[in-house]
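Laboratory data are not the source of any read-out in this text; all were calculated from the coordinates shown. Model, not experiment: these values are computed from the prediction. Cβ placement follows ideal geometry from the backbone for every residue including glycine, while neighbour counts extend to all protein chains displayed.
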Amino acid sequence: MRAAALGLLAVLAAPLSAPLAAAPAAAQVRVTFAAPERYTDAENRYGSGLSPPVVLAEMRRLFETLGNPVLAPGQTLDIAVLDIDLAGLDRPSFGAAQGVRVVTDITPPRFRLRYALKERGRTVRAAEETVTDINFLLRANRLSSGQTFFYEREVLRDWFRTRFVQGRPPPG
């Protein structure tokens, strides 16, 4: 009986011990930041938001979180972030020690990106584009607006869907 149990265990464990090369490589988004000190929102002049290193770390996490699920196994997306302009404008506040970020319909989030989508090492799509949505406030859900970088998340989510799920090329 013990031999039968060990035999069953060996059969069940066989797929786990198969060579890793046989499995397709996992999709992966790799993000780099080119000259972040020059970004439109590089400085937190009036203390209205997070520090620049925290913003960059959160943006990296956002790109990875949104991109990894939409890529097929074996695909890699290299994104070079050339500029970040967060939604709204940083403004000083009267009487408070911190500033305020004022978001209006003429201050959408904007990202300038250079990217290359690779499949098993071969580049299948590459471009440089500005990602923005002037209608970003029309789609905003008041219940979700308390999230950090809510507007940026929505604009990037739509961009990932358009470019990598639907496969539509950049405009122009």
Query raised in the report: Where Lys and Arg each count +1 and Asp and Glu each count -1, what net charge lies around Asp78 among other residues with Cβ under 10 Å from its Cβ?
Result: +3
Query - Burial ranking of peptide ranges 104-110, 157-163 (average Cβ count within 10 Å, highest at the top) - result: 157-163, 104-110
